[in-house]
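Inspection log for the structure reproduced underneath, given as structure tokens.
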Amino acid sequence: MNFLTLLDYASVLVFALTGALVASRAQLDIVGFAFVACLTAVGGGTIRDLLLDRHPVFWVGEPTYILLASAAAVLIFFTAHRVESRQKWLIWLDSFALAVAVSAGTGAAMELDKSPVIVVLMGMATGSFGGLMRDVVCNEVPLVLKQGELYMTCAMAGAMTAVSIKSLGMTDDLSALIACAVVCWALRAGSIHFGWHLPVYKSRPPRS
Amino acid sequence: MNFLTLLDYASVLVFALTGALVASRAQLDIVGFAFVACLTAVGGGTIRDLLLDRHPVFWVGEPTYILLASAAAVLIFFTAHRVESRQKWLIWLDSFALAVAVSAGTGAAMELDKSPVIVVLMGMATGSFGGLMRDVVCNEVPLVLKQGELYMTCAMAGAMTAVSIKSLGMTDDLSALIACAVVCWALRAGSIHFGWHLPVYKSRPPRS
Amino acid sequence: MNFLTLLDYASVLVFALTGALVASRAQLDIVGFAFVACLTAVGGGTIRDLLLDRHPVFWVGEPTYILLASAAAVLIFFTAHRVESRQKWLIWLDSFALAVAVSAGTGAAMELDKSPVIVVLMGMATGSFGGLMRDVVCNEVPLVLKQGELYMTCAMAGAMTAVSIKSLGMTDDLSALIACAVVCWALRAGSIHFGWHLPVYKSRPPRS
């Protein structure tokens, strides 16, 4: 199993946990948990594979991903009530999932020798679309677009880090992908914990 | 015309009727009816074909599907006001569409000799994504995720029935697909009529 | 650069502007503006390319589209507060984007010699899905489905115009596509300005 596959597994596992947590807020049954967990877990990578015409789509070729995501859903179904603050767990787990998924997407696009812009976009898409589908389907305000927090910015910064390191020829792909995940997660964690953010658009006070 | 094609046509027709009923609740014009009907009718099968890299996508290769869905939309546009309870019709039509579409998805994946996990998932995806898009686009609470009802569970049980029957070598594919539709519909009907459901997740009473 | 490519660029630019305007209503930061702008700008064409199995997807093969959409987002981020009525700008820009994107989608499907029904549908899908994703992700009521306005009808009329002109052999593709954009835009403008609309579905007054 190479490093890219490992990243895919890690991102599937952690995103599945976040999907199941959102399902718990919607009070679904165990099959609903598994459905939302799988959608969240493989959503971003599926979009990436379709856009890049990589077939079979990663989980179609290797169903273990789905079993892993379903197992995570079952785990959360029976244990989430023991968790003190599900919202807090959700946000932190999502931050790890984001970092790992951005790396996985960036790595997959690099392997296909795509141009830097496309590599960064594939990292961003892989990181964000799973969570976006989870939130749209479950009627939550998408974390991706939450006001006054860094989210897509972290994904972009992480993917750009990997691209820069690689294009400078400083190191191998593996280190570039690790740097990507670290930068992405650090920014997201700073935004959650310290409130780091970029200026948001403000209309003039007397809004017409 | 083989049996799989027949299933595709049946699922397109019935899902189109449900799409048009939802459009009637949103008070759209006749083109809006046709749009929502087509989206609902071909949505699930399109996702299935893209994921399995089956090209041309079933309705791109054979536009009759679209004409059928549009005709269903026109029919509903002029007759829905004569129906006593559109919500009731919607739910029951949707149950038939689900059963038929799950069969169609399961059959398509079986034909490509996919592994059992993927066959079950393709059945579930084909059955659910059309209705899911319909509800997300029209701002309805997705039927798929309605609390305290069986929905994805019916799809899963149906698809699993087909896979089991086939792997036991008991019979031909056709009978397996009919069994799939019957199991799926019976469970869904039981859930609608008798209130069958699985236990749903409940957080502890004093929710923090 | 041929005419089809030009249409793709024009539609990307104008849809990106509308995406950024919606982002300004959601008060996102500059990366959020770029994300929504790109999603809106390339969403419809991406669906078209996936459905028609045209690879690489137009913007994956040519990242300039993404840079153009991002530049449009930055422009709006710094200037939208100077605009008197963003809603009005949004609606009119969206009408231009619709007309151009319908042409682009129609042209792409014609080039692949698809049947008339598919050509019309690809025009409609390319024109509508970018805006639909923008509105679903940002929690706005989809313009596509706004009650009492022509929208999908304009897309359909435009695409049908192109198909008719072409099938009559009256002229070359280029003129057919220009006619498509003109018809589509004129209908949409008439609907916005003069309130043109089709009868909408009305349930009986005492709704059960």
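The values are calculated or read from the model by the stated rules, or taken from the named source; none is laboratory data. Being a predicted model, the structure only gives us computed values, none of them experimental. Neighbour counts are summed over all protein chains in view; Cβ atoms, including those assigned to glycine, are modelled from backbone coordinates with ideal geometry.
Tabulated data for the structure shown
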{"item": "Top-ranked residue of region C:25-38 - restricted to ones that are surrounded by fewer than 23 Cβ atoms within 10 Å (Cβ to Cβ) and touching a residue at least 24 places away in the same chain (Cβ under 8 Å), ranked as farthest from A:LYS114 (Cα to Cα)", "result": "C:ARG25"}
{"item": "Criterion (modelled with pLDDT of 90 or more, under 22 Å from B:LYS146 (Cα atoms) and in contact with a helix residue (DSSP H, G or I) (Cβ under 7 Å, 6 or more places away or on another chain)) met by exactly one of A:ALA10, A:ALA23", "result": "A:ALA23"}
{"item": "Among the candidates B:ALA189, B:ALA181, residue that is surrounded by fewer than 22 Cβ atoms within 10 Å (Cβ to Cβ) and either over 15 Å from B:ARG48 (Cα atoms) or more than 8 Å from chain A (Cβ to nearest Cβ) (or both)", "result": "B:ALA189"}
{"item": "Any hit, region A:119-126, residues being part of a helix (DSSP H, G or I) and surrounded by fewer than 21 Cβ atoms within 10 Å (Cβ to Cβ)", "result": "no"}
{"item": "Some residue of region C:136-146 being modelled with pLDDT of 90 or more and surrounded by fewer than 24 Cβ atoms within 10 Å (Cβ to Cβ)", "result": "no"}
{"item": "Test result for B:ALA37, assigned to a helix (DSSP H, G or I) and more than 9 Å from every other protein chain (Cβ to nearest Cβ)", "result": "yes"}
{"item": "Selection count where residues are closer than 18 Å to C:LEU39 by Cα and of a type outside the set (Phe, Trp, Tyr), scope region A:102-136", "result": "21"}
{"item": "Residue list for region C:57-111, restricted to those being of a type in the set (Gly, Ala, Ser) and within 12 Å of chain A (Cβ to nearest Cβ)", "result": "C:GLY61, C:ALA69, C:SER70, C:ALA73, C:ALA80, C:SER85"}
{"item": "Residue within region A:85-100 that is among the polar types (S, T, N, Q) and buried (at least 22 other Cβ atoms within 10 Å of the Cβ) present", "result": "yes"}
{"item": "The listed residue being among the charged types (D, E, K, R) and surrounded by fewer than 22 Cβ atoms within 10 Å (Cβ to Cβ), out of C:ARG54, C:ARG48", "result": "C:ARG54"}
{"item": "Matching residues in region A:98-147 - criterion: being among the hydroxyl-bearing types (Ser, Thr, Tyr), within 19 Å of C:GLU62 (Cα to Cα) and under 13 Å from the mean Cα position of the chain (by Cα)", "result": "A:THR106"}
{"item": "A:LEU4 modelled with pLDDT of 95 or more and away from chain B (no Cβ under 14 Å)", "result": "no"}
{"item": "Residue match in region A:54-73 (condition: acidic (Asp, Glu), closer than 23 Å to A:LEU174 by Cα and not in a helix (DSSP H, G or I))", "result": "yes"}
{"item": "Hits in region C:74-90 - residues which are over 17 Å from the mean Cα position of the chain (by Cα) and in a helix (DSSP H, G or I)", "result": "C:VAL74, C:LEU75, C:ILE76, C:PHE77, C:PHE78, C:THR79, C:ALA80, C:HIS81, C:ARG82, C:ARG86"}
{"item": "Cross-chain or 6+ apart pairs with Cβ under 8 Å, region B:123-139 first and within 16 Å of B:SER95 (Cβ to Cβ) and within 14 Å of chain C (Cβ to nearest Cβ), then among the hydroxyl-bearing types (Ser, Thr, Tyr) and crowded, with 24+ Cβ neighbours inside 10 Å", "result": "B:ARG134/B:THR18; B:ARG134/B:THR40"}
{"item": "So B:SER95, is it within 12 Å of the chain's Cα centre (by Cα) and of a type in the set (S, T, N, Q)", "result": "yes"}
{"item": "In region B:149-178, residue farthest from B:THR5 (Cα to Cα) [restricted to those that are aliphatic (A, V, I, L, M) and within 14 Å of another protein chain (Cβ to nearest Cβ)]", "result": "B:LEU150"}
{"item": "Residue pairs meeting the criteria (Cβ under 6 Å; at least 6 apart or on separate chains; first over 16 Å from A:TYR9 (Cβ atoms), in region A:94-121; second outside any helix (DSSP H, G or I))", "result": "A:SER115/C:PRO63; A:VAL117/C:PRO63; A:ILE118/C:PRO63"}
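Okay, residues lined up against (1) part of a helix (DSSP H, G or I); (2) small (Gly, Ala, Ser); (3) touching a strand residue (DSSP E or B) at 6+ places or on another chain (Cβ under 6 Å):
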| position | (1), (2), (3) |
| --- | --- |
| B:VAL141 | no, no, no |
| B:LEU150 | no, no, no |
| B:THR153 | yes, no, no |
| B:SER175 | yes, yes, no |
| B:ILE178 | yes, no, no |
| B:GLY190 | yes, yes, no |
